[in-house]
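The values are calculated or read from the model by the stated rules, or taken from the named source; none is laboratory data. Keep in mind it's a predicted model, so treat the numbers as computed, not measured. Positions of Cβ are generated from backbone atoms using ideal geometry, with glycine treated the same way; all protein chains shown enter the neighbour counts. Remember, those area values only see protein heavy atoms, side chains included, never the ligands or the DNA or RNA. Shrake-Rupley method; radii C 1.70, N 1.55, O 1.52, S 1.80 Å.
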Amino acid sequence: MSYNEKIINHFKNPKNYGKMKNPSAVGKLDNKNCGDVMWIYLKIKEDIIEDISFETLGCAVAIANSSLLTTMVKGKTIKEALKIKDKDLIKEFGQVPKVKLHCSFLAVKALKKAINNYYEKGSSSYVGRSR
Amino acid sequence: MKKVYLDYSATTPVDERVFKKMMPFFSQKYGNASSLHSFGQESKLVLEGAREKVADLISASSEEIIFTSSATESNNLALKGLLKKGDHLIISSIEHHCVEETANYLKREGVLVTKLEVDKKGFVKDLQKNIQKNTVLISIIHASNEIGVIQDIEKIGKIAKKNNILFHTDAAQSFGKVPIDVKYIDLLTASSHKIYGPKGAACLYVKKGIKLTPLLHGGGQEQGLRPSTYNISAIVGFGKAAEIAGKEMEKDYNHQVFLRDKIIEEALKIKGCYLNGDNQKRLPNNINLRFSGIEGEALVIKLDLEGIAVSTGSACASAKLEPSSVLLALGLKPHQAHGSLRISLGKYTTEKEIDYFLKILLKSVKELKQISPYK
């Protein structure tokens, strides 16, 4: 399978990876279908995602998506972060092989899980909870 | 960038000596081997020479060799040529797709199919138990293309014989690499491009007296079993490749076993690395590893970025997003199959290449583990 340069760059030099110390929230996604595992760590202050990191067990595209997502989320408000869709990641990459489209969906889902975890832990003001 | 090819089980480069032998058969000696004139007879002569060389390698007689275009075709011919509705076929759960899918097709056509399980090391189990009154054929892969495990075909052949059942083996990966004698085998598939011959040539060994229904109908070539104009250059190449494989088998075997065992020994030092399949009865050129906490496709891509070509049975590398059925048959969990890596060596592989591979493997595994939640 050949991937374009953007995917390869994020895979080769992933941004914001690794376990975070004292995160505000963690989203752990375990995809039963393809076997990928994505963990997203968030540090949130006054609704702003000040820091984000990921740990991913998955294919090159899954890792690239995790990395790209963190760069798109960092510094955003929770509301803004929740607006990010899988198609935004795919658009950013340009060309993604059909069998790998779901990797972007997984990354977005892992982020939502992390944000859910943030609200579950503390604030109850979040109503747009998704599964 | 340095390029290291470690995917010889997928295909091999054509040996220079083979290529040289093939050259005249494109523009100079182009006769149709079925023609009566001198052009045709010249081709016929080399065709039969090639047939003899292929036969020699498995102690068969040349009229028992049917040339085809691929191992896939040979396997199709063996299975479809023998079985009809109501017959029972036994295969293993670690067959190559071209046997498995042919069996699935035959099943839809009313053939009864049993897939034998394998043990943790990859050896077929319970053959005798699964033989039925209407069992016509047992087809078991000789050496697995994925895990390299070599089945005891003599033992299987004896069981088949005792029960008056035909025995076919797909030897695409083992032919020319380890000694094979067809004494207890009724049908055998062999391929050219796995032994430094060209693509587009293969054969099916059919023991004297066995009747097959052809897949194609036409001009009667290959005893009517495989009509088509002879792909003479490819067949000549196949013959030359078989001849070289026979002569140099011991040397190539020892060379590859040395490198194989070096990789296994070094790789198993990595935390969370395991060998899939038996460590003794396996192809001289096959290593199938699995790594916990990382994914095979990512590892393949990482190695590819460093110029190294290997393959994986991970779900992420397949269009269906399913892990290799061969690895699951060993009893591995999907997440274990997920982290698998197949390295297949060739006679041209050098120790220097292996040292480079090991260095990059170590680095790549470390980097992927840093990204992974499971260290």
What whole-number value in cubic angstrom gives the convex hull volume per residue for the C-alpha atoms of the stretch B:1-57? 130
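For the protein assembly as shown, what is the percent of antiparallel DSSP beta bridges, rounded to the nearest 5? Don't skip to the end; give the middle numbers.
Details: 37 of 57 bridges.
The antiparallel fraction comes to roughly 65 percent.
Once you charge only the Cβ atoms, +1 for Lys and Arg and -1 for Asp and Glu, what is the size of the charge dipole of the protein assembly as shown about its Cα centre, to the nearest 20 debye? Display every interim value, and only then the final one.
Numbers: 77 positive and 55 negative charges, 282 e Å.
Taking the Cα centre of the protein assembly as shown as origin, the dipole is about 1360 debye.
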Diffusion coefficient, µm² s⁻¹, Stokes-Einstein with Kirkwood Rh over alpha-carbon pairs of chain B at 10 °C and 1.306 mPa s: 74
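Only four residue types carry charge here, +1 at the Cβ of Lys and Arg and -1 at the Cβ of Asp and Glu. Report the dipole size of chain A about the Cα centre in Debye, rounded to the nearest 20. If you can, show how the numbers build up before the last one.
Working: 24 positive and 13 negative charges, 42 e Å.
Magnitude of the dipole: close to 200 debye.
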Largest-first principal axis extents of the Cα set of the stretch B:136-182 (Å): 29, 19, 13
Cα pair distances exceeding 18 angstrom across the stretch A:5-115, given as percent: 41
Taking the Cα atoms only, what angle lies between the long axis of helix B:97-108 and the longest principal axis of chain B, rounded to 10 degrees? 70
Drop in accessible area of at least 40 Å² in the complex versus isolated chain, residues of the stretch A:46-63, 1.4 Å probe: A:E55, A:L57
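Please go through the residue pairs A:K15/B:K363; B:K161/B:K251; B:K177/B:K366; B:K194/B:K363; A:K32/B:K125 and name each one whose alpha carbons sit more than 26 Å apart in this structure. Intermediate values should be presented prior to the final figure.
Working: A:K15/B:K363 18 Å; B:K161/B:K251 34 Å; B:K177/B:K366 34 Å; B:K194/B:K363 30 Å; A:K32/B:K125 30 Å.
Beyond 26 Å between Cα atoms: B:K161/B:K251; B:K177/B:K366; B:K194/B:K363; A:K32/B:K125.
Relative to the compact globular guide of 2.2 N^0.38 Å, what is the alpha carbon radius of gyration of the protein assembly as shown, as a ratio? Could you put the intermediate results ahead of the total?
On the way: Rg = 26.6 Å, N = 506, 2.2 N^0.38 = 23.4 Å.
Against the compact-globule rule of thumb, the ratio is 1.14.
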When A and B pair up, the total accessible heavy-atom area removed from solvent (1.4 Å probe), in Å² to nearest 100, is 1900
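Rolling a 1.4 Å sphere over the protein heavy atoms, what is the accessible area per residue of the stretch A:5-115, to the nearest Å²?
Numbers: 5150 Å² over 111 residues.
Counting only protein heavy atoms, the per-residue value for the stretch A:5-115 is 46 Å².
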Net charge, A:N13 excluded, C-beta distance under 13 Å - Lys, Arg +1, Asp, Glu -1: +2
Return the sequence-ordered ³J(HN,Hα) values of the stretch B:148-160 in whole Hz as given by the Karplus equation 6.51 cos²θ - 1.76 cosθ + 1.60 applied to θ = phi - 60°, using x for Gly and Pro. x, 5, 9, 6, 7, 6, 5, 4, 5, x, 5, 5, 4
Peptides ranked, highest mean first, by Cβ atoms within 10 Å: ranges B:174-183, B:235-244, B:115-124, B:209-218: B:235-244, B:174-183, B:115-124, B:209-218
Using per-residue counts of other Cβ atoms within 10 Å, averaged over each peptide, order B:356-366, A:13-23 from highest down. B:356-366, A:13-23
Taking R0 as 56 Å and r as the Cβ-Cβ distance between B:E265 and B:Q28, the FRET efficiency 1/(1 + (r/R0)^6), rounded to the nearest 0.05, comes to 0.65
Chain B: angle of helix B:71-82 to the longest principal axis, Cα-based, in degrees nearest 10: 60
Enumerate the lysines that B:K85 could reach by cross-link, defined here as Cα to Cα under 20 Å, with residues fewer than 8 away along the same chain left out. B:K107, B:K115, B:K133, B:K211
Please report the orientation-averaged projected area of the stretch B:256-302, defined via the convex hull of its C-alpha atoms, in nm². 3.5
Nitroxide proxy distance, nm - points 7 Å out along Cα→Cβ at B:Y274 and A:K21: 3.5
